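Engineer: What follows is a structure written as structure tokens; I'll ask about it next.
The values are calculated or read from the model by the stated rules, or taken from the named source; none is laboratory data. Being a predicted model, the structure only gives us computed values, none of them experimental. Here the Cβ is made from the backbone with ideal geometry for all residues, glycine too, and neighbour counts use every protein chain on show.
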Amino acid sequence: MSSDAPAAEKIEGRGEFALTALAIAQGARRQLLLLTYDFDRRLYGGDAFVEAVKRFVLADDHAQLHVLINQPRLAVQGGHRLIELGRQLPSRIQFRELLEERVLTHRGELLIADQRAVLERREPDALYARYTPEAALMGKQRSGEFLQLWDESPTARELRVLGL
């Protein structure tokens, strides 16, 4: 392994994943990119995470959260505080759903802050995840991959009409 390779941390379990996602949201300044299987409320719907995202998007006029969801129908079941926040701040928090042909190849979780901090889990039920807090090159690459998926993905209708 090269000495230039970013140091990655092994994240174990849902609780540690949620705490790491919270720390990433709290440290973000301009951009949060989230690719998620079902937008699990236990990971992204807690009071602390929603409040961190709210502070993030309101702190800077250019701050954005893009959420790309594999299974939007599962995401809307039972209500989700971050979805409600997104409905209140649609210019800052946007939701799209993966194209049907991408659903099987993008089943994990990916959270990227400011093209540098990367948290990823390969499968929605995987026990372990990988967190790289300072990975400029990898963060830029993974952000580019995310934005390519984002550009080809339609608005998540299930999330947009929630509660109407």
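Engineer: Looking only at region 87-101, how many residues end up being modelled with pLDDT under 90 and of a type outside the set (A, V, I, L, M, F, W, C)?
Structural biologist: Total satisfying the criteria: 3.
Engineer: Right, something else. Which residues, counting only those in region 5-29, are assigned to a helix (DSSP H, G or I), hydrophobic (A, V, I, L, M, F, W, C), touching a residue at least 60 places away in the same chain (Cβ under 8 Å) and touching a Pro at 6+ places or on another chain (Cβ under 9 Å)? Steps first, answer last, please.
Structural biologist: Here is the first cut: in region 5-29, the residues assigned to a helix (DSSP H, G or I) are 13-27.
Add one more test, that the residue is hydrophobic (A, V, I, L, M, F, W, C), and what stays is 17-19, 21-25.
Now restrict to residues that are touching a residue at least 60 places away in the same chain (Cβ under 8 Å): 17, 21, 24-25.
Selection gives 24 alone.
Engineer: Here's something else I'd like to know. Name the single residue that is farthest from residue 9 (Cα to Cα) among those in region 32-49 being surrounded by fewer than 21 Cβ atoms within 10 Å (Cβ to Cβ) and out of contact with any Pro (no Cβ under 7 Å at 6 or more places or on another chain).
Structural biologist: 47
Engineer: Here's a check for you: in region 20-34, which residue that is more than 13 Å from residue 54 (Cβ to Cβ) and small (Gly, Ala, Ser) is nearest to the chain's Cα centre (by Cα)?
Structural biologist: Filtering first and then ranking leaves 21.
Engineer: What do you reckon, is residue 65 part of a strand (DSSP E or B), at pLDDT 90 or above, over 16 Å from residue 122 (Cα atoms) and within 16 Å of the chain's Cα centre (by Cα)?
Structural biologist: Taking the combined requirement at face value, the residue satisfies it.
Engineer: Looking at region 1-47 only, could you name the residues that are at pLDDT below 95, in contact with a strand residue (DSSP E or B) (Cβ under 7 Å, 6 or more places away or on another chain) and among the polar types (S, T, N, Q)?
Structural biologist: Hit for region 1-47 is 36, nothing else.
Engineer: In addition: Among the strands (runs of 3 or more DSSP E) confined wholly to region 88-154, which include 2 or more residues that are in contact with a Pro (Cβ under 8 Å, 6 or more places away or on another chain)?
Structural biologist: 93-97
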